[in-house]
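Following: one structure in structure tokens, then a few remarks.
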Amino acid sequence: MQIALDATYSLDRNLSGVGVYSREVLFGLARSHPKDRFQFCYRPHRFLRSFRDPLPGNTARRILRGAPRADLFHALNQRVDAPARCTVTTFHDLFVITGEYSTPEFRARFAQQARQAARRTDLMIAVSRFTAQQIEEFLGVESSRIRVIPHGVRVPSEGPTALRENLVLFVGAIQRRKNVARLVRAFERMPASWRLVLAGAADGFGAAEELHAVESSPRKSDIDVLGYVTQIELEALYRRARIFAFPSLDEGFGMPVLDAMANSVPVITSRRSALPEVAGDAALLVNPEDPEEIAAALVLLASEEGLCEDLARRGRERALQFSWDSALTKTWEVYREITGATAPPD
């Protein structure tokens, strides 16, 4: 089978969740299906940069213009410029349509691309049931065309546990949707021995307003704004942190929650969007619009070592239920279904 995939988003220097997903799918499928042929397709402005990436032997590099010539085209980030013979599209979220988290211009462009992708796609992959429901509601897609395939996570092998610090960790781009300002206000209730670390690029929509909360905080000297960190630096932060706080207002999935759980860090996250679906019963869920409720959860974990240990254990067990191997297997099943090699699920 000849399979073309939009590899454009796999090249970002500071990989987002979409970039991580793209690389896992691209290289994972090529590795696990060596007898099939893959085309990694890049939009023209990214094509030259793609040569920095060595590709598997069963893979060719292509410029993405129009519909690729292949048995199947997989658009990895809800954009389809032209329908192929068989088209699969992954939808990660629709928060740009549903909330005030971007400029009007970007919202209009995103909405147009999402609606085009919905029209031009044979089967859609939604990364959560929450996103699947939004695709039905806001794009008018019937559920029979949607398959839910959650992201995976890399769970570190258990080894000697490093001594954790009184550190609350947040990971994600600083922007209005991530709710950093309310997290900062909640952190101000923590004991004086605690620090808050914000790890993520500070260039998202509304970042200046969120960072103002840091600058004006009476605990400013206890808050570290690191910007984007490398994978090695991030892994070190997960090993150091005693609490992971992710009170985001809207997530199509929420990869950082799984990453924290995989690293045995007790999690506080929102009881809205896809986050409860990902966290299950292995996190403290809060109203993200209530700084007092976020603060109460932080203070509780800071004072209850037994609860922290229980959440860390349950979180790791929860993370083990999400694997990239499972996501790749289910994605391949979608390919077989759309090309007629297998029947659709009941």
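The values are calculated or read from the model by the stated rules, or taken from the named source; none is laboratory data. The shown structure was predicted, so the numbers you read here are calculated from the model rather than taken from an experiment. In this analysis, Cβ positions are derived from the backbone assuming ideal geometry, glycine residues included, and neighbour counts consider all displayed protein chains.
Here are some notes:
- Check on Arg147, more than 30 Å from Ala302 (Cα to Cα) and in contact with a Leu (Cβ under 7 Å, 6 or more places away or on another chain): yes
- Residue in the stretch 139-150 that is buried (at least 19 other Cβ atoms within 10 Å of the Cβ), assigned by TED's automatic domain parsing to the domain that holds Thr230 and either part of a helix (DSSP H, G or I) or free of Cβ contacts under 8 Å to residues at least 60 places away in the same chain (or both) present: no
- Unique residue being outside the structural domain of Met261 (by TED's automatic domain parsing), under 27 Å from Tyr42 (Cα atoms), free of Cβ contacts under 8 Å to residues at least 12 places away in the same chain and not aliphatic (A, V, I, L, M) when the list is Gln116, Gln112: Gln112
- Residue count for the stretch 189-235 under the criterion of being crowded, with 17+ Cβ neighbours inside 10 Å, modelled with pLDDT of 95 or more and in a loop (DSSP other than H, G, I, E, B): the result is 4.
- Reported count of residues in the stretch 166-182, each being at pLDDT 95 or above and surrounded by fewer than 21 Cβ atoms within 10 Å (Cβ to Cβ), is 3.
- Residues within the stretch 1-47 that are touching a helix residue (DSSP H, G or I) at 6+ places or on another chain (Cβ under 7 Å), under 19 Å from Ala327 (Cβ atoms) and among the aromatic types (Phe, Trp, Tyr), tallied: 3
- The residue list Val96, Val25 contains one member that is under 22 Å from the mean Cα position of the chain (by Cα), surrounded by 21 or more Cβ atoms within 10 Å (Cβ to Cβ) and without any contact (Cβ under 8 Å) to a residue 24 or more places away in the chain, which is Val96.
- Phe253 within 12 Å of Val171 (Cβ to Cβ) and among the aromatic types (Phe, Trp, Tyr): no
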